[in-house]
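The values are calculated or read from the model by the stated rules, or taken from the named source; none is laboratory data. Computed from a prediction, not measured in an experiment: that's the story for all the values here. Don't worry about glycine lacking a Cβ; one is built from the backbone with ideal geometry, like all the others, and counts go over all protein chains shown.
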Amino acid sequence: MRVAVVGVGHLGQHHARIYSAMAGVELVGVVDTNRARAEEIAARCGAEPFDDARDLIDRVDAVSVAVPTVAHLEVALPFLAARKAVLVEKPLAPSVADADRLIAAAAASGAMLAAGHTERFNPAVEAARPMITDPRFIEVHRLGTFPDRSLDIDVVFDLMIHDLDLLLALVKSEVVSVEAVGVNVLTRRIDIANARLRFASGCIANLTASRISRDRVRKIRFFQHSTYVSIDYAAREVEVYTLVPARDARPGEEDRRPEIRGGKLPVMDDEPLRRELADFVDAARDRRQPGVTGREGRDALALATLVAEKMSEDSRG
């Protein structure tokens, strides 16, 4: 598979690093508007530097698009039209309308479109999935220190969208109501946000995302009947605790309390982005659906957009 990476900033450089070490893959080139940056990453990864992504269309089978969100549509459309497999980093597009254009372009040419939501490929999430059956309440904290990137978008589209995508994949129920509040503290964009989602199943999820915290926290906790599941995305750790009813109580022990059993689950040691890119390459090679489709990326973007709209309503109120 001949691949390229368009945009080799904070995240794109890791796409290039992983592709360059992947068996059965040739990293043909890296593209960046900053020529010096393109040359630096190309030299590091054994690829050729480019200024213009269009120069690579006829030379690759697949491409990662890791440019700023505002340029996703412009960069990805020509590759999709040429029937190349395209992975677009989250958020899929600047707007739902633009996401729909990407999906339509992929459908028209028969190209594969994947969305870059790495938490789906986190080994801790994979280990916990079988334990999450009917969540009733979900608590999410994704807190980070102030970054030097992604300040062109609200924290909802930069950070919270990871968890919105995961909730849609795990709860498997329609979102019926959203309440949200957001505050711009250090930038003109929303820097800290909280959202409360209610699903048709009755499940409620409370999410907090911040890029102005002192400490880094990336955790999600699921509460369901007789079971508690906690995932630490960053540490790649999972804890599960289950309530086991007291059985076969002897006379005089009828009031014995149920037993709580559990602890940490075994989790494989692997990089989520590497697993995501391996899935993308395999899906392109085998002509199957990727782990996160363009449609799923669009759904996560639509929910993030609804959260942002609710924050706007709150500020006007």
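Yes or no, residue by residue, for (1) of a type in the set (Gly, Ala, Ser); (2) more than 16 Å from Val155 (Cα to Cα):
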{"site": "Val185", "(1), (2)": "no, no"}
{"site": "Ile190", "(1), (2)": "no, no"}
{"site": "Leu197", "(1), (2)": "no, yes"}
{"site": "Ala205", "(1), (2)": "yes, yes"}
{"site": "Gln224", "(1), (2)": "no, yes"}
{"site": "Tyr228", "(1), (2)": "no, yes"}
{"site": "Pro245", "(1), (2)": "no, yes"}
Could you run through region 76-90 and say how many residues are touching a residue at least 40 places away in the same chain (Cβ under 8 Å) and either among the hydroxyl-bearing types (Ser, Thr, Tyr) or touching a helix residue (DSSP H, G or I) at 6+ places or on another chain (Cβ under 7 Å) (or both)? 4
Residues being in contact (Cβ under 8 Å) with a residue 60 or more places away in the chain and surrounded by fewer than 20 Cβ atoms within 10 Å (Cβ to Cβ): count how many of those fall in region 57-69. 2
Conditions first: (1) assigned to a strand (DSSP E or B); (2) of a type in the set (S, T, N, Q); (3) more than 13 Å from Leu159 (Cα to Cα). Ser201 passes all but one, so which condition is the exception? (1)
Kindly check whether there is at least one residue in region 31-51 that is over 24 Å from the mean Cα position of the chain (by Cα), free of Cβ contacts under 8 Å to residues at least 24 places away in the same chain and under 30 Å from Ala304 (Cβ atoms). yes
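Could you tell me whether region 4-11 includes any residue that is surrounded by fewer than 15 Cβ atoms within 10 Å (Cβ to Cβ) and part of a helix (DSSP H, G or I)? Step through it out loud before you land on a result.
Just the residues of region 4-11 that are surrounded by fewer than 15 Cβ atoms within 10 Å (Cβ to Cβ), to begin with: 10.
With part of a helix (DSSP H, G or I) added as a condition, the list becomes none.
For region 4-11, residues surrounded by fewer than 15 Cβ atoms within 10 Å (Cβ to Cβ) and part of a helix (DSSP H, G or I): absent.
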Test Leu113 against the criterion of being out of contact with any helix residue (DSSP H, G or I) (no Cβ under 8 Å at 6 or more places or on another chain), in contact (Cβ under 8 Å) with a residue 24 or more places away in the chain and crowded, with 22+ Cβ neighbours inside 10 Å, and give yes or no. no
Residue identified as surrounded by fewer than 21 Cβ atoms within 10 Å (Cβ to Cβ), more than 15 Å from the chain's Cα centre (by Cα) and within 25 Å of Glu179 (Cβ to Cβ) among Ile103, Ile138, Ile153: Ile153
Return the residues of region 40-56 that are at pLDDT 95 or above, surrounded by fewer than 16 Cβ atoms within 10 Å (Cβ to Cβ) and either touching a Pro at 6+ places or on another chain (Cβ under 7 Å) or outside any helix (DSSP H, G or I) (or both); say none if nothing qualifies. Gly46, Asp52, Arg54
I'd like to verify a number: residues in region 159-180 that are under 17 Å from the mean Cα position of the chain (by Cα) and not in a helix (DSSP H, G or I), how many? 1
Over region 254-275, the set of residues outside any loop (DSSP other than H, G, I, E, B) and in contact with a strand residue (DSSP E or B) (Cβ under 7 Å, 6 or more places away or on another chain) is Glu259, Ile260, Arg261, Gly262, Gly263, Lys264
